[in-house]
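Below is one structure, written out as structure tokens; the observations come after it.
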Amino acid sequence: MGRYFLSVVRRDLTLAARRRSDWLTALFFFVMVSSLFPLGVGPEPELLKRIGPGVLWVAATLASLLSLSRLFEDDHRDGSLEQMVLSPASTVLLVLGKAMAHWLVYGIPLLLMAPVLGIQFNLSWDAIAVLVFSLLLGTPILSLLGAAGAALTLGLRGGGVLLTLLILPLYVPALIFGAGAVDGVMAGTGAEANLSLLGAFLLVSFLVAPWIAAASLRVSLE
Amino acid sequence: MTAPLPAPLLSVHDLACERSERLLFQRMNFSLAGGQLLLVQGGNGQGKTSLLRLLTGLSRPDTGEVRWRGEPIARCREAYYRDMAYLGHANGIKDELNPVENLRFHGDLHSRAFEPDQAVATLKRLGLSRCLDLPCRALSFGQRRRVALSALLLANAKLWILDEPLTGLDTHAVALVEGLIRDHLHAGGMVVATTHQAMNLEGVSVQRLLVGDAAKPVRASAEAH
């Protein structure tokens with residue numbers, strides 16, 4: 001069981017290493033979108049500090065969405081998704097493995113880039129630390145819920161737009177708790193409450209999303 | 001004809017298939033035992049691929065049942081997928097990986113031990129000895145089909161379900177595939193295949209199944225060699 005999960009992860013990581021442009025595009029998208037805000041709203045440090053956490057969280061959400069439509073699409077087109085579903089191992093593990101690989105490839109670079117962008121928004125070191133920690137809890141949620149959305153919209157015309165409309169509302173709690181945690185630190189009220197809620201939301205996504213995704217995959221492949 | 005009939009492993013009971021509110025076939029019954037080949041025939045759009053997808057369990061039947069060793073395949077999913085290998089229209093080959101890597105991941109994902117030497121030997125047997133280090137993107141359509149056939153061979157499955165296995169193959173490879181199918185059947189394996197091409201299958205027991213007339217019950221007809 002564990003071996004199957006690991007081989008799904010290893011396979012997707014190998015493929016991502018061969019197709020660097022895919023995840024570099026998402027990373028640059030994250031950097032570009034969050035850099036446009038200071039240029040657009042002007043350079044007042046207080047204002048930037050105020051909007052920084054929210055902007056970074058929204059940009060991370062959009063960057064993760066950008067890559068999600070291809071989570072199953074490529075494998076579906078060349079037939080390898082069928083082959084993977086016809087494996088003796090459970091489809092839930094397949095989805096978990098793919099979500100894990102998605103997080104490693106698209107989530108981790110966002111985490112590493114976030115402190116640099118935080119400086120750009122004049123965030124304090126405390127706030128940056130909480131921002132990174134909230135993204136650490138939050139980006140797996142984006143991958144897990146996104147996997148369910150990608151499975152639901154697999155093979156549909158205009159699936160990418162539909163996926164966005166379907167998944168963005170589900171991301172809202174993660175966005176509120178994540179950006180709220182950073183705001184809390186800056187306002188001096190502490191980040192624990194928001195981070196706990198974010199962690200709880202991660203657990204719920206982990207327990208629910210893979211099953212929904214596996215069932216949707218079977219329907220989409222029919 | 002006094003030899004006892006081998007027990008059927010794969011059997012289909014009153015299967016019906018509907019696509020976009022059009023009935024493709026109904027009351028389909030057949031069974032397949034070790035060493036037998038079932039050729040599914042019929043024109044384009046008559047439901048051959050739909051039937052194969054029902055047999056693999058990728059789609060669920062509206063009525064009727066597919067059974068493996070007497071049990072509905074939905075209930076013995078794990079055992080069935082250990083014994084079954086499917087080759088569809090798409091090859092299931094990743095363009096970014098070379099043939100050996102493709103076979104490694106294919107093996108991993110089907111929980112099989114992977115032996116590189118065996119994989120290389122199989123690829124060579126299928127005439128790919130010059131392409132082992134190339135990413136599959138650089139291979140021709142027929143060569144990719146051969147990689148997919150290597151994965152099929154390495155799957156070591158009892159039942160092969162093949163959708164147009166000869167598409168895109170040259171005459172040499174067609175003869176090779178016919179040989180592989182014969183060997184598999186002689187070793188006690190089973191094959192369900194669709195094809196538009198004539199296949200040279202001397203010395204194997206062939207059943208033919210014609211899909212295309214939705215009104216009639218569908219039965220397989222045996223053919224003695």
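Where a number appears in this text, it was derived from the coordinates with a stated rule and is not lab data. Predicted model, so just to flag it, every value in this text is computed and none were measured. Neighbour counts run over all protein chains shown; Cβ positions are idealised from the backbone, glycine included.
Remarks
- Over 28 Å (Cα to Cα) - which of B:K48/B:K94; B:K48/B:K124; A:K49/A:K98; A:K98/B:K48; B:K124/B:K158 fall in this group: B:K48/B:K124; A:K49/A:K98; A:K98/B:K48
- Helix A:91-102 vs. chain A, principal-axis angle (Cα, 0 to 90°, nearest 10): 40 degrees
- Where the Cα pairs of chain B fall when distances are cut into 10 Å bins, in %: 8, 32, 35, 20, 4, 0
- Acute angle (nearest 10 degrees) that the helix A:108-120 long axis makes with the longest principal axis of chain A, alpha-carbon atoms: 20 degrees
- Rounded to 10°, Cα long-axis angle of helix A:20-41 versus longest principal axis of chain A: 30 degrees
- Residue with peak Gaussian network fluctuation, chain B [Cα springs, cutoff 10 Å], from B:L103, B:L139, B:L32: B:L139
- Counting neighbouring Cβ atoms within 10 Å and putting the fewest first, the residues A:V208, A:V182, A:V33, B:V192 line up as A:V208, A:V33, B:V192, A:V182.
- Arranged from fewest to most other beta-carbon atoms within 10 Å of their beta carbon, A:M84, A:M32 become A:M32, A:M84.
- Across region A:2-221, Cα-Cα pairs farther apart than 33 Å form 17% of the total.
- For A:L135, A:L170, B:L185, A:L203, the sequence from fewest to most other C-beta atoms within 10 Å is A:L203, A:L170, B:L185, A:L135.
- Largest GNM mean-square fluctuation among A:D12, A:D22, A:D75, using chain A with Cα springs under 10 Å: A:D75.
- About the Cα centre, charge dipole magnitude for chain B (Lys/Arg +1, Asp/Glu -1 at Cβ), debye: 140 debye
- Gyration tensor verdict on region A:1-73 (Cα atoms; rounded if a/c is under 1.5, prolate if a/b is larger than b/c, oblate otherwise): prolate
- Modelled label positions at B:L23 and A:A193, each set 7 Å beyond Cα in the direction of Cβ, lie 6.4 nm from each other.
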